[in-house]
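What follows is a short report on a single structure.
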There are 2 protein chains.
Amino acid sequence: MNQTAENYLKGLHALSERFPKGVTTNALAEHLSTKASSITDMLKKLHEKGLVKHEKYQGTVLSAKGKKIALQVVRKHRLWEVFLVEKLHFGWDQVHEIAEQLEHIQSTELVDRLSEFLGHPRFDPHGDPIPDAKGNFLEEKVVLLSAVNTHQKMLLRGVKDHSTAFLQHLKKLGLVPGQKFQLLHRMEYDGTCEVQLHGSKEKIQISQLTADNLICVAL
Amino acid sequence: MNQTAENYLKGLHALSERFPKGVTTNALAEHLSTKASSITDMLKKLHEKGLVKHEKYQGTVLSAKGKKIALQVVRKHRLWEVFLVEKLHFGWDQVHEIAEQLEHIQSTELVDRLSEFLGHPRFDPHGDPIPDAKGNFLEEKVVLLSAVNTHQKMLLRGVKDHSTAFLQHLKKLGLVPGQKFQLLHRMEYDGTCEVQLHGSKEKIQISQLTADNLICVAL
DNA sequence: ACTATTTTTTAGACAAGCCTAAATTTATTT
DNA sequence: AAATAAATTTAGGCTTGTCTAAAAAATAGT
């Protein structure tokens, strides 16, 4: 397995939710910042290797084998992100690019030992779940902040928008995945959420646009 | 900079001691397990980029720029080896291949933080010195075990032969870089060294062939 | 249902990094 | 100093992963 193929499989996995009956060529091209013709070429090769199912002019889905590889790459990416934030004290908004490189290091023993070293974390610094060695996620009932009931005690699990701009916006608000809070009030007019952070007197205001990108779990 | 170029520069650096007036094409080809014609191709490109000095049919030397990059790759390789051994508890004979991959991760901030996290180690698990961020090594007066004076208290700094076979041989002998010892006696006939390990009653016998590959410093 | 548009694929080309085989230069013998 | 051997380079080709432009298929609009 090589880096390029791994990135294609990871891309397909990332888009598979939005395209349940097959990822389109254009969507994958956009996701990987490449041209549709390159996608077609590579998918043909991955199909021959049995990693994806792709028929001409139809969407593409991962095979069991391809999905397994994709999940291992995701696992590595997220474990390395935990390492970078927890051990090397990077900001959680600075680790994506480095993890994009580290996720391609080949050594199952390394991944196992890294996970052990980190205490087998189940979520990365952005709140995304880390698949275990077999590819299984911890399932959780999640809800966007914009849909949380008032007065409910919640945990900020993660973010929907992973852009640096959004992560830095959260940083300014003092919000970080893992933060506990209570939704005090939601404004009728514009959906702004007034939130009480756990372990702090401060109340903060969160716009609907922002609230729509915050993934929460009830406590 | 890409991985291939980094490996060429690292190879040139590794061979530069043995070829002070220019690394030969064949030597580099052997070192990188590739063909001489491939070396010629690549050296032409590296020369154009100003990373090496290479004239037709003459040996090759690193430029200042090329040497700087090579030293940073060496730094990364050795820091990652320390990480793998100290933090993830790999055996010191198991880390080379993984470090060969990790050394190509691009991020100076990562290297700085990794070095900090590890306590700015000056030697890797094989006893090889780790260049600092500016490319400077800690200079030491070293001597091979086969040339150590008897009764002198010494520290095993590192190994000359880095092959897995040799590392595993040392493991069997119970020898590891950092080990303190005293050379009790050297046999007249075959140069076998009788050594007393510090913190142990045991005396071990080390053949001349092995002793020739053990780098030591006086205490 | 039949164009018009969008999506996808094909065809042909290119750079990187490698190879083999042949040619050239340098080094070693005699 | 010429002949031979060794080292190095050149020439031409292959694979991977990308691209642009053109062709083909699927979808949408009237």
| remark: Rounded to the nearest 0.05, FRET efficiency between A:Glu202 and A:Asp161 (Cβ-Cβ, R0 22 Å) equals 0.40
| request: Evaluate 2.2 N^0.38 Å with N set to the residue count of the protein assembly as shown, then give the Cα radius of gyration divided by it. | output: 1.23
| field | Gap separating the Cα centres of the stretch B:128-203 and the stretch A:27-57, nearest whole Å | value | 54 Å
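Please report the projected area of chain B's Cα convex hull averaged over all directions, in nm².
13.4 nm²
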| task | Report the net charge of residues surrounding A:Leu219, where surrounding means a beta-carbon distance below 14 angstrom and charges are Lys +1, Arg +1, Asp -1, Glu -1. | result | +3
| request: At 7 Å along the Cα-to-beta-carbon direction for both B:Gln152 and B:Glu17, put a label point, then send me their distance in nm to one decimal. | output: 1.7 nm
| task | Do me a favour and compute the ellipsoid semi-axes for the stretch B:10-120 from its Cα gyration tensor, root of five times each eigenvalue, largest one first, whole Å. | result | 30, 16, 11
| message | Based only on other Cβ atoms within 10 Å, what is the fewest-to-most ordering of A:Ser38, B:Ser37? | response | B:Ser37, A:Ser38
| message | I need the GluC sites (Glu not before Pro) found in the stretch A:114-211, filtered to DSSP loop residues with at most 10 other beta carbons within 10 Å of theirs. | response | A:Glu139, A:Glu188, A:Glu202
| To the nearest 0.05, what FRET efficiency results for A:Asp132 and B:Lys141 with a Förster distance of 41 Å applied to their C-beta separation? | 0.20
| remark: Copies of B:Thr164 compared via label points 7 Å along Cα→Cβ give distances in nm, shortest first, of 4.0
| task | Mind giving me the nanometre distance, one decimal, between the label points for B:Glu116 and A:Glu97, set 7 Å out from Cα along Cα→Cβ? | result | 1.8 nm
| said: Give me the inter-chain shielding for A:101-114: mean count of other chain Cβ atoms within 10 Å, whole number please. | reply: 4
| message | Using a Cα-Cα cut-off of under 26 Å, which lysines could be cross-linked to A:Lys201, ignoring same-chain neighbours fewer than 8 residues away? | response | A:Lys153, A:Lys171, A:Lys172, A:Lys180
| note | If every Lys and Arg gets +1 and every Asp and Glu gets -1 at its Cβ, then about the Cα centre the stretch A:1-113 yields a dipole, in debye to the nearest 20, of 560 debye
| note | Here the gain from full extension of B:His47 to B:Lys87, 0.36 nm per residue of separation minus their alpha-carbon distance, amounts to 10.5 nm
| note | Loop-resident chymotrypsin sites (Phe, Trp or Tyr not before Pro) in the stretch A:148-219 with no more than 12 other Cβ atoms inside 10 Å, DSSP not H/G/I/E/B, are A:Tyr189
| task | Compute the label-point distances linking A:Lys56 to its equivalents in the other copies; points lie 7 Å from Cα along Cα→Cβ; give nm, one decimal, shortest first. | result | 5.0
| said: Within chain B, which is the longest segment that contains none of the trypsin sites (Lys or Arg not before Pro) sitting in a DSSP loop with at most 10 other Cβ atoms within 10 Å? | reply: B:57-133
| task | Would you mind listing the distances between the A:Glu86 label point and the same position in each other copy? Use 7 Å along Cα-to-C-beta, nm, one decimal, shortest first. | result | 1.9
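Each value in this text was obtained by applying a stated rule to the coordinates, not by laboratory testing. Source: prediction; values computed, not measured. Cβ: placed from backbone, ideal geometry, glycine included. Neighbour counts: every protein chain shown.
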